[in-house]
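A.B. asks: Below: one structure in structure tokens.
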Amino acid sequence: MHEEIVKLLFQLDKELKPLRKVAESLLDEDSLLDEPSETALISRRRKIAPEAFACVIYPGMPDEGIARYEEIHSRVSSSCFAIPEIYKNILARLNGADVLKMSLYGLPPSMCKDPPLLSRSTRQPLDLATANKTWSRAFKPDPAHFHFGGAYFSSDENLAYFLNPDGGVEALRKGEIRVNLWPNFESFLSDELSRLLMLFPSYEEAQLKFRQSLESETKDRKRKTRSKT
């Protein structure tokens with residue numbers, strides 16, 4: 001099974017090498033390949049949830065699938081939805097990812113259908129079209145910028161990532177507050193994954209405490225209910 005994951009990670013070349021390096025470092029005996037979708041599920045985090053993984057890599061999308069997605073979403077929204085060539089090249093090798101609380105958006109299979117439908121019944125990447133039509137508004141990006149992902153920034157705030165026409169990557173907080181600007185995708189991945197790798201343990205600890213708090217509250221409610229009866 002790990003051989004298949006290694007083959008999938010081998011596709012993460014060129015500007016995606018920082019992502020491959022992190023994924024390979026997290027690969028362990030508990031990692032697995034979700035065979036129906038060929039999604040790599042790496043480093044299970046049982047303390048957070050039974051099906052939580054630190055790294056989820058979705059396999060690439062064929063060119064014809066990308067073209068079909070653009071055509072469907074242009075027609076549905078009655079306006080041109082075009083994915084930048086830089087990100088099309090990435091989608092051909094990586095149709096989205098969730099790594100250390102960084103999400104790179106992709107083309108969910110349910111949103112590639114006509115009509116497109118959001119579905120949470122299977123593991124899928126977050127949707128690129130929805131991101132650009134809806135989620136990006138709170139960050140007030142330049143109209144020429146393309147919203148392709150986001151990541152953990154603090155306990156109560158996430159960053160949004162945008163591709164600029166010149167190939168640079170910009171990180172924004174809500175309200176058009178620029179946090180960083182990188183000249184290319186590789187330098188963006190390298191810096192942000194390093195930042196998130198340092199923050200991930202504290203994030204996990206906070207999530208564990210939150211889960212324990214919910215479990216404690218549930219037990220208290222059940223105890224009170226039993227005492228009343």
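No value in this document is a laboratory result; all are computed from the given coordinates. Remember, predicted model here, so these are calculated numbers, not experimental data. Here the Cβ positions follow ideal geometry from the backbone for every residue, glycine too, while neighbour counts run over all protein chains shown.
A.B. asks: Which whole-number value in Å³ per residue fits the convex hull of the alpha carbons of the chain?
C.D. replies: On the way: hull volume 36.7 nm³, N = 229.
Hull volume normalised by residue count: 160 Å³.
A.B. asks: Assuming a ≥ b ≥ c are the square roots of the Cα gyration tensor eigenvalues, decide whether the range 69-148 counts as rounded (a/c under 1.5), prolate (otherwise, with a/b larger than b/c) or oblate.
C.D. replies: rounded
A.B. asks: Would you kindly derive the ³J(HN,Hα) couplings of the range 150-163 from the backbone phi angles with the Karplus curve 6.51 cos²θ - 1.76 cosθ + 1.60 (θ = phi - 60°), listing them in order in whole Hz, with x for Gly and Pro?
C.D. replies: Going residue by residue, I get x, 7, 4, 10, 8, 4, 10, 7, 10, 8, 10, 10, 9, 8 Hz, with x marking Gly and Pro.
A.B. asks: Further, regarding this structure: Can you work out the base-10 log of I(q)/I(0) for the range 132-184 at q = 0.22 1/Å, using the Debye formula on its C-alpha atoms alone?
C.D. replies: Here log10 of I(q) over I(0) equals -0.74.
A.B. asks: From the residues A52, W182, S37, which one has its Cα farthest along the dipole of the chain in the positive direction, the dipole being from +1 and -1 charges on Cβ of Lys/Arg and Asp/Glu about the Cα centre?
C.D. replies: With unit charges placed on the Cβ atoms, the residue in question is A52.
A.B. asks: Could you list T130, T39, T122 in order of exposure, starting from the residue whose Cβ has the fewest other Cβ atoms within 10 Å? The partial results should precede the final answer.
C.D. replies: Working: T130 17, T39 24, T122 12.
Ascending Cβ contact count within 10 Å gives the list T122, T130, T39.
A.B. asks: Can you work out ³J(HN,Hα) from phi for every residue in the range 106-122, in order, using Karplus 6.51 cos²θ - 1.76 cosθ + 1.60 and θ = phi - 60°, giving whole Hz and x for Gly and Pro?
C.D. replies: Taking θ as phi minus 60°, the curve returns x, 10, x, x, 5, 8, 8, 8, 10, x, x, 9, 6, 9, 10, 7, 10 Hz for the range 106-122.
A.B. asks: Please report, in Å, the Rg and the Dmax of the range 101-202, where both are computed over Cα atoms only.
C.D. replies: Both quantities, over Cα of the range 101-202: 14.1, 42 Å.
A.B. asks: Residue farthest toward the positive end of the dipole of the range 80-199, with Cβ of Lys/Arg at +1 and Asp/Glu at -1: which of I90, F139, P116?
C.D. replies: P116
A.B. asks: Sticking with this one: To the nearest 20 debye, what charge dipole does the chain have about its Cα centre, counting +1 at the Cβ of each Lys and Arg and -1 at the Cβ of each Asp and Glu?
C.D. replies: 1460
A.B. asks: Continuing with the same structure: Could you run the Karplus curve 6.51 cos²θ - 1.76 cosθ + 1.60 with θ = phi - 60° over the range 86-97 and give me ³J(HN,Hα) per residue in whole Hz, x for Gly and Pro?
C.D. replies: Couplings: 4, 7, 4, 4, 5, 4, 5, 10, 8, 8, x, 6 Hz.
A.B. asks: At what distance in angstrom do the alpha carbon centres of the range 163-194 and the range 1-25 lie from each other?
C.D. replies: A separation of 22 Å, based on Cα centres.
A.B. asks: Mind checking Rg over Rh on the range 1-113, alpha carbons, Kirkwood formula for Rh?
C.D. replies: On the Cα set of the range 1-113, Rg over Rh gives 1.01.
A.B. asks: May I pose another question? Check which residues have an amide H placed less than 5 Å from N95's amide H, if you skip close sequence neighbours.
C.D. replies: Long-range HN contacts for N95: Y58, G60, M61.
A.B. asks: Something else about it: Angle between the Cα long axis of helix 17-26 and the longest principal axis of the chain, 0 to 90 degrees, nearest 10?
C.D. replies: 20
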